[in-house]
Protein chains: 2
Amino acid sequence: MLKKPFKIGIAGLGNVGRGVVKIIQKNGALIAARAGRPVEIVAVSARDAKVDRGVGLTAYRWENDPLALAAAGDIDLVVELIGGSDGVAYELCRRSLQAGKHFVTANKAMIAHHGMALAGLAEAGGVALKFEAAVAGGIPIIKTLREGLSANRLTRVSGILNGTCNFILTQMEATGQGFDEILAEAQRLGYAEADPSFDVDGVDTAHKLAILSGVAFGTALDFNAVAIEGIRNITAVDIKYAGEFGYRIKLLGTAVLSEQGLEQRVAPCLVDLKSAIASVGGAFNAVAVEGDFVDRIVIEGRGAGEGPTASAVVADIIDIVRGGVSSVFSMPVGKMVSAHPISNLEHFGAFYVRLRVQDEPGVMAEITDLLRQQEISIESLIQRGQGPGGGIFVVLTTHETKEAGLRHALKKMENLNCMLDKPAAIRIEKL
Amino acid sequence: MLKKPFKIGIAGLGNVGRGVVKIIQKNGALIAARAGRPVEIVAVSARDAKVDRGVGLTAYRWENDPLALAAAGDIDLVVELIGGSDGVAYELCRRSLQAGKHFVTANKAMIAHHGMALAGLAEAGGVALKFEAAVAGGIPIIKTLREGLSANRLTRVSGILNGTCNFILTQMEATGQGFDEILAEAQRLGYAEADPSFDVDGVDTAHKLAILSGVAFGTALDFNAVAIEGIRNITAVDIKYAGEFGYRIKLLGTAVLSEQGLEQRVAPCLVDLKSAIASVGGAFNAVAVEGDFVDRIVIEGRGAGEGPTASAVVADIIDIVRGGVSSVFSMPVGKMVSAHPISNLEHFGAFYVRLRVQDEPGVMAEITDLLRQQEISIESLIQRGQGPGGGIFVVLTTHETKEAGLRHALKKMENLNCMLDKPAAIRIEKL
């Protein structure tokens, strides 16, 4: 018995769009067996019809205007791979959902900013809105949070969510070179954009984290509450000393739900060299999730790229064809309530502190006295060698402490005469 | 608008059964929000009604006969946590599915042996049969293979699937003690059964592997084709030398699908110390999956225990309540065809070889000559010290070679006059 094909239109034919076409062309029979119906590309849309994209597109209707896909009578589902939080992607999503079409996207910025409103539209219309590809590429983390761990009260999601930053940090450690040199190399290799700020300043990770929080905790998405710090200030010195203390520096997105509220932060962190997360190098991503019954699981895989991201897009399509349209996040959008945002200053944890000071008597006493005033106790301390431009490095790790106190102590240290650079502090994350 | 509760009956109230009751009692409101309907336990069944299980059961109807759950008119779904491939568990499954009830189980032996027939019953009746808890406890690996990676032609699934063996191997490395001593300790701590053979001889891992193969590849389940080797022959010496070569020994279940057919094997393997799998210690499980677009993902988590396993059971229930009953494995059971089983002897890979020989002239020449005859080239070789009972150890790793040739060479070595123990070979697995 032949089942009617499930018909899709694809807007955007960059890397990921091309990957989706390739998967459907190559694995079509397998997908039909798994989904129960063939998945058929009916129409595609991109800026330039003339570019050779290395895949055959002649069998598909070409639409110059992506919005035509939302209006097309012969399309069951629209795939959006244009990007951008607003503009045509957003318009296409709204119109598609309103026209009763399912919608699959890899657009993290759009979901982070408008996910709740769009989910409302989808749920009202009884259609699916899915975005597995928006977070961590080939890793099925949205499905794992939404379905695989659905029995649990989840309390924490933390991970390496940006391959560009992870590549840069991995290369900085491997070569001993500084951020700027490695960024330039990453740009040359195509691992970083010409304008890298979305990646290296943590905004991309924050988009993904806001989405993960909503799915994991059932709290209203709140991108604006994410405290964001990128990796521009990480130095080769920090990477070296972190290693001496038994840690590696990773840019983590971390969301923690407690009775006090929801803490969401993106920042470089020191993670134990022996942890699973520490061993995740290069362009890979990894996410750790904690819940009340499952304890902890960690998933690792490729966080970007044509194949892995397209794999996530097509898995979403197959899910929809298999049937069972249910809530967009882990519960109906109407049940998702705002969580009280918890500031970084309320964070309680251990820290790495790097100071460059003049090599003179009394310096150590001044530093340790400021820490003592905030009741911060030192776990380990290394004082060694000449820093660049003279002076010596005093690098230490603290026991767990309130972040506000540490920031206060650092502020005071900044004013010490002996202090040659602005003091740097990096959180130590238990993973 | 209040939705009618979804009613379940639970057969078996050991650790996992108790865990399921606890989750539904503790997270009931959250589960209702996620599932869209409350999940209500209506009846339970176990051998002894009088045991104090540490959870309140008085609100539920007690059935002395678990088969009564299949017949009960007020139950939508039966959870089976009795165990055993045949007997009452199997009868309960058949009857429940035939009575139009959904069925959720943690029973790997039953699914490995009868999964295809039971899936046929479920699909014919339009009900769900789910078994996430049967493999790797809290790790949602069935869902990941069936749904998360459904766009891919999967080629390989490999993992640490038995926490008892992983605990024993981890402890052997940590303490330098032998298998028997650590097994006794594991039994004392409750990490190993009084009769440990299902675990340490690899049968439990093989059950799980046969299930993973079927879900990953869409091939007919074929437990009998799994080549099974346990960990009883692993010695402290092997663990030590493996470490010197940069490897760690893990019991892996590995299934590889190629154009030649399906290779399924359970055996101790050497894995690179720097790999994600190598860092998975103690009672944890981890699974690596490879597909044509996603490349590779690795998931790690608790592979057993009350909370994690019950988390998987309840996630299956929530999936069913959310709707969308589709095929039991990754495609309808009627489309799953038998794969040609590939014997271990056709395996192509690198090996670790441990020999204990008399310390006399010409020994090394005899050994290396036998390897040369089979065109096996040596990657590294260590010859050192006195072995127990005299003699010296010659331990080596080979380059990639056909397993049949290596086995042939080992057979000939066994007959050398200088050979004091039966030669041991362990596969080196690239992960």
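The values are calculated or read from the model by the stated rules, or taken from the named source; none is laboratory data. Computed from a predicted model, the values in this text were never measured in an experiment. Quick reminder, even Gly has a Cβ in these numbers, built from the backbone with ideal geometry, and neighbours come from all protein chains shown. For accessibility, only protein heavy atoms count, side chains too; no ligands or nucleic acids. Shrake-Rupley method; radii C 1.70, N 1.55, O 1.52, S 1.80 Å.
Structure summary
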{"read-out": "Probe 1.4 Å, accessible area per residue of the protein assembly as shown, Å²", "value": "38 Å²"}
{"read-out": "Identity and axial distance of the chain A residue whose Cβ lies nearest the axis relating A to B, Å", "value": "A:324, 1"}
{"read-out": "Members of region A:16-65 that become less accessible by 20 Å² or more once partner protein chains are added (1.4 angstrom probe, chain alone as reference)", "value": "A:23, A:26, A:27, A:30, A:33, A:34"}
{"read-out": "Area of residue B:408 that stays accessible when all protein chains are in place (1.4 Å probe, Å², to 10)", "value": "90 Å²"}
{"read-out": "Exposure of residue B:175 as accessible area (Å², to 10), given a probe of 1.4 Å and all protein chains", "value": "70 Å²"}
{"read-out": "Net charge contributed by nearby residues that have their C-beta within less than 14 Å of residue B:107 (K/R +1, D/E -1)", "value": "-2"}
{"read-out": "Paramagnetic label zone (point 7 Å from Cα along Cα-to-C-beta, residue A:155; backbone N under 19 Å) in region A:190-232", "value": "A:213-219"}
{"read-out": "Dipole magnitude of region B:206-362, debye to nearest 20 (Cβ charges: Lys/Arg +1, Asp/Glu -1, about Cα centre)", "value": "340 debye"}
{"read-out": "Whole-percent pair-distance distribution, where bins are 10 Å wide, for the alpha carbons of chain B", "value": "4, 21, 28, 22, 13, 7, 3, 1, 0"}
{"read-out": "Buried on assembly, region B:146-183 (at least 40 Å² less accessible surface than by itself, 1.4 Å probe)", "value": "B:147, B:148, B:150, B:151, B:153"}
{"read-out": "Protein-protein interface of region A:285-307, residues with accessible area decrease of at least 40 Å², isolated chain reference, 1.4 Å probe", "value": "A:293, A:294, A:295, A:297, A:298, A:300, A:302"}
{"read-out": "Accessible area buried at the A-B interface, both sides summed, 1.4 Å probe (Å², nearest 100)", "value": "4400 Å²"}
{"read-out": "Ratio of Rg to Rh over the protein assembly as shown (Cα coordinates, Kirkwood Rh, two decimals)", "value": "0.98"}
{"read-out": "Region A:195-264 versus region A:272-299: alpha-carbon centroid distance in Å", "value": "14 Å"}
{"read-out": "Test item: Cα-centred dipole of the protein assembly as shown, Lys/Arg +1 and Asp/Glu -1 on Cβ, debye", "value": "1920 debye"}
{"read-out": "Probe 1.4 Å, all protein chains present, accessible-area order of A:419, B:116, largest first", "value": "B:116, A:419"}
{"read-out": "Karplus (6.51, -1.76, 1.60) ³J(HN,Hα), θ = phi - 60°, over region B:135-140, in Hz, Gly and Pro reported as x", "value": "10, 6, x, x, 7, x"}
{"read-out": "Within the protein assembly as shown, percent of DSSP bridges classed antiparallel, to nearest 5", "value": "65 percent"}
{"read-out": "Length-normalised contact order of region B:122-211 in % [C-alpha pairs under 8 Å, at least 6 apart]", "value": "23 percent"}
{"read-out": "Accessible-area composition of region A:1-83, carbon plus sulfur, in percent [1.4 Å probe]", "value": "53 percent"}
{"read-out": "Average beta carbon contacts from partner chains per residue of B:321-329, 10 Å cutoff", "value": "4"}
{"read-out": "Helical contribution to [θ] at 222 nm, DSSP H n ≥ 4, -39,500 (n - 2.57), averaged over chain A, rounded to 500", "value": "-10500 deg cm²/dmol"}
{"read-out": "Long-range HN-HN contacts of residue B:228 with modeled amide H, under 5 Å", "value": "B:266"}
{"read-out": "Accessible area in the full protein assembly, largest first, 1.4 Å probe, for A:53, A:407", "value": "A:407, A:53"}
{"read-out": "Listed residues A:416, A:183, A:396, most fluctuating in chain A (Gaussian network, C-alpha, under 10 Å)", "value": "A:416"}
{"read-out": "GNM flexibility winner over chain B from B:275, B:158, B:343 (Cα, springs under 10 Å)", "value": "B:275"}
{"read-out": "Protein accessible area in region B:182-278, 1.4 Å probe - carbon and sulfur %", "value": "48 percent"}
{"read-out": "Net charge over other residues, Cβ less than 14 angstrom from the Cβ of residue B:14 (K, R count +1; D, E count -1)", "value": "-1"}
{"read-out": "Carbon + sulfur, % of accessible area of region B:304-396 - ligands and nucleic acids excluded, 1.4 Å", "value": "51 percent"}
